[in-house]
1. How many Å² of accessible area per residue for the range 5-65, probe 1.4 Å?
2. Specify the angular offset, from 0 to 90 degrees and rounded to the nearest 10, of the alpha carbon long axis of helix 58-75 from the longest principal axis of the alpha carbons in the chain.
3. For the chain, take the longest principal axis of its alpha carbons; what is the angle in degrees between that and the long axis of helix 3-26, to the nearest 10 within 0 to 90?
4. Can you pull the percent of the chain's accessible area that's carbon plus sulfur, 1.4 Å probe, other chains left in place?
5. For the chain, what Kirkwood radius comes out of the mean inverse Cα-Cα distance, in Å?
6. Mind pulling the angle between the C-alpha long axis of helix 30-53 and the longest principal axis of the chain? Nearest 10 degrees, somewhere in 0 to 90.
Amino acid sequence: MNETILDALQYYGAGAATLAALIVSLNLGRRITGWAFVLFVTSSIALIGWGFFQEDSEGIGYQNIALLFINLVGVWRYLISKHKPRD
């Protein structure tokens, strides 16, 4: 795969995860936190792609498969589900 695309996936994934973590840590409310989880989902997808297309980086790919499912739970919990999260 093209090295430029791999670099873009890697840096987007890292930057998006960092921004999403900052947003979640600020505790700005349910809806904004839900959108931070959407950002986490895009980060996981980018890092899955990077991990499996970059030589010797499969561990990041597998880790982000697990994180993708965790982040999808966050999207469900904060954006889709009508139940209020427990404190």
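1. It amounts to 57 Å² per residue over the range 5-65.
2. That helix lies at roughly 20 degrees to the long axis.
3. Rounded to the nearest ten degrees, it is 20.
4. Exposed carbon and sulfur together represent 66 percent of the surface.
5. Radius from the Kirkwood sum: 13.3 Å.
6. The angle comes out near 20 degrees.
The values are calculated or read from the model by the stated rules, or taken from the named source; none is laboratory data. Just so it is clear, the model here is predicted, and its values are computed rather than measured. Heads up: the accessible areas ignore ligands, DNA and RNA and are worked out on the full protein's heavy atoms, side chains in. Shrake-Rupley method; radii C 1.70, N 1.55, O 1.52, S 1.80 Å.
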